[in-house]
Amino acid sequence: DAKTTQPNSMESNEEEPVHLPCNHSTISGTDYIHWYRQLPSQGPEYVIHGLTSNVNNRMASLAIAEDRKSSTLILHRATLRDAAVYYCILGGYGGSQGNLIFGKGTKLSVKP
Amino acid sequence: KAGVTQTPRYLIKTRGQQVTLSCSPISGHRSVSWYQQTPGQGLQFLFEYFSETQRNKGNFPGRFSGRQFSNSRSEMNVSTLELGDSALYLCASSFRDRETDTQYFGPGTRLTVL
C-alpha cells in the first residue's frame, strides 16, 4: 500500500490559515488523495479528496503538486473546532475503496 | 439523514469472553467497514462488507469476524477476548458504487477487556 508522511504535530492561531503537508512519493496513478480528520472522542470525518487538480469545498482546500508526490490541506481560517488529528490517505479507488490505510496523522492544535 | 450508529457505545468484558458489536449504516449505503483504534497501533482496518459479502480483510486473527445482513446492518464478533483487544471499534459506511467513495464513520464502541 502506498504510504504517506505527515508531521506529527502542528500549531496554529485561531482565524489564521493552516497548511498541513503530506508527502506521498510512491503514489500510483490511480490513487486518490483523501483527507480525514478525527476530533477528540469522535470517529474520523471526511474532509476532502482529489486526484490531480486542486479541490475546494466548504471545509478546506486541497492543493496537489504537479507530480502528485505531495499535497497540502489548507484550512483558510482555523477555528478552535478544527483542533483534531488530520490524516492524509491514499487509495480509495476500485477494490481498495472500503479499506482506508491510516497513518499516524498530524495533530493540529489551535490557540485562541 | 441519520448518521452511522453503533451499539453499544461502551462495553466491559473479561478475558476469554466473546463480544458482538453492531453497526447501522446510513440509509442507502451498502458497504460497511470496521476499524480498530488503539493508542499504540492507531487506526487499523479489520474488514469490509458489501452486499452481505466480505470484500476486504485486514491482518487480524480469526477471532475477529463479521457479517452483514440484507438491510446492510453489520455486526462484528470477537471471540476469546484478550487484554489487547481493548480498543475503540469504529464502523464506516459508504455507497461503494462510485469511482471513489467517502466513508462516514460512526462514533465507535469503546471495548474494555479486564
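The values are calculated or read from the model by the stated rules, or taken from the named source; none is laboratory data. Because the structure is predicted, anything quoted here is derived from the model rather than measured. Quick reminder, even Gly has a Cβ in these numbers, built from the backbone with ideal geometry, and neighbours come from all protein chains shown. For the accessible areas, the whole protein counts, side chains as well, though only heavy atoms, and no ligand, DNA or RNA atoms are used. Shrake-Rupley method; radii C 1.70, N 1.55, O 1.52, S 1.80 Å.
When each of the peptides A:62-69, B:101-108, A:101-108, A:35-42 is scored by the mean number of other C-beta atoms lying within 10 Å of its residues, the order from highest to lowest reads B:101-108, A:101-108, A:35-42, A:62-69. Counting only residues at least eight positions apart within a chain, or on another chain, the aspartates and glutamates with an alpha carbon under 14 Å from that of A:Lys111 are A:Glu11, A:Glu14, A:Glu15, A:Glu16, A:Asp82. Shown are A:Val55, A:Val47, whose ranking by accessible area with a 1.4 Å probe and every protein chain present, most to least, is A:Val55, A:Val47. The label point for B:Thr20 and the one for A:Glu15, both projected 7 Å from the Cα toward the Cβ, are 5.4 nm apart. The calculated FRET efficiency for A:Ser109 paired with B:Thr5, based on their beta-carbon distance and R0 = 25 Å, is about 0.25.
Inter-chain neighbour count for B:103-109: the average number of beta-carbon atoms from partner chains within 10 Å of each residue's beta-carbon is 5.
Residue separation of A:Leu39 and A:Ala65 scaled by 0.36 nm, minus their Cα-Cα distance, works out to 6.7 nm of gained length. Using a cut-off of 26 Å between Cα atoms, the listed pairs A:Lys3/A:Lys107; A:Lys107/B:Lys13; A:Lys104/B:Lys57 include A:Lys107/B:Lys13 as exceeding that distance.
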